[in-house]
Structure formats: structure tokens, C-alpha cells
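The values are calculated or read from the model by the stated rules, or taken from the named source; none is laboratory data. Here the structure is a predicted model, which means the values were calculated and not measured. Here the Cβ is made from the backbone with ideal geometry for all residues, glycine too, and neighbour counts use every protein chain on show. Protein only, heavy atoms only, side chains kept; ligands, DNA and RNA dropped before computing areas. Shrake-Rupley method; radii C 1.70, N 1.55, O 1.52, S 1.80 Å.
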Amino acid sequence: MEIRKVDKTELVSVLDLIDEYDRVPSPRPADEELRRIFGSILHSGGCVVGAFTDDGMVGTCTVNMCANLSWSGRPYAIIENVIVSKAHRKQSIGKAILKYAIEFARQACCYKVALMTGSKDPATHRFYESSGFSPSKQGYQIRFDAQS
């Protein structure tokens with residue numbers, strides 16, 4: 001298995017994985033919009049991570065970098081869209097993706113890396129905790145034209 005940053009030619013595979021979320025798939029951005037979004041992630045210092053096997057891309061997450069005025073101006077990272085294909089779960093691929101994302105944030109001098117999950121499944125919570133995350137804060141959100 002190889003864990004690395006995704007390039008723009010692999011974005012359709014990322015969207016294919018995101019469509020495996022347990023929710024109604026959102027309409028995909030048009031090609032030009034997809035390239036703009038990807039460029040914005042990269043421009044801010046973030047990346048899209050991919051896990052690859054002989055079967056192709058089997059897992060992904062996005063690391064978004066956020067500029068910050070506190071902590072001596074050090075940025076922080078938010079991990080989003082952590083997904084491993086259903087056929088490849090329970091093989092430590094998710095942990096490998098998160099390990100890569102955490103190290104990416106550390107190398108970018110982030111003072112923290114955070115993620116949120118909407119999952120109520122205790123197994124999902126155990127997965128994130130076993131990957132080094134602690135449920136240390138309460139999250140709140142306002143969603144605009146998006147399902148929960």
C-alpha cells in the first residue's frame with residue numbers, strides 16, 4: 001500500500017470514495033470547479049491524501065490548513081472526508097491515512113490537527129481515539145443547504 005498526496009488527475013477517484021459515505025451523494029462539482037477547489041486546498045497549504053493498492057485508490061482524506069492569530073501565528077489543520085472503500089475496511093488503511101495527515105500537519109508547524117465526525121457509532125469513535133485523537137472539545141455547526 002502507498003499513502004501519498006493525490007494529484008489533480010486522481011480527483012475523480014476521490015469523489016468516487018466520497019460517494020461511499022452513508023448519505024445521499026451530493027452533486028459533483030464541474031471539472032473546472034473541481035480544479036479550482038483542489039487548487040484552493042493546495043494554495044492554503046493543505047492536501048488531499050490517498051491510499052493506493054493494486055485496486056487503485058482505496059482511501060482518502062483532506063487536510064485543510066487554517067491560518068491563525070493565536071499560538072504565535074501557527075496554523076492548525078482540519079481533517080475532513082476520511083473514507084476507506086467498503087471493500088478495504090478493517091485493514092488499517094484508515095489509520096495509515098490519518099498517520100500521514102497528522103505528520104503532514106506536524107511538518108507544516110501546525111499547533112494542532114482536529115477532525116469532527118457525525119457518526120454516532122462507537123466503533124468510529126474508538127477508531128479515531130486509537131489513531132491518537134481525543135474527544136476533548138464540543139463541536140457546533142451551522143449547515144447551509146447540506147444534509148447532516
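Observations on the model:
- Here GLY45 passes the criteria (1) surrounded by fewer than 17 Cβ atoms within 10 Å (Cβ to Cβ); (2) on the phi > 0 side of the Ramachandran plot except the one numbered (1).
- Selection within the range 75-98 - without any contact (Cβ under 8 Å) to a residue 40 or more places away in the chain and open to solvent by 40 Å² or more (accessible area, probe 1.4 Å): TYR76, ILE78, GLU80, ALA87, ARG89, LYS90, GLN91, SER92, LYS95
- Matching option when the condition is surrounded by 10 or more Cβ atoms within 10 Å (Cβ to Cβ) and basic (Lys, Arg), among LYS112, LYS120: LYS112
- Residues that are farther than 24 Å from GLU103 by Cα, without any contact (Cβ under 8 Å) to a residue 12 or more places away in the chain and in a helix (DSSP H, G or I), drawn from the range 17-60: ASP31, GLU32, GLU33, ARG36
- TYR140 over 17 Å from CYS61 (Cβ atoms) and not in a strand (DSSP E or B): yes
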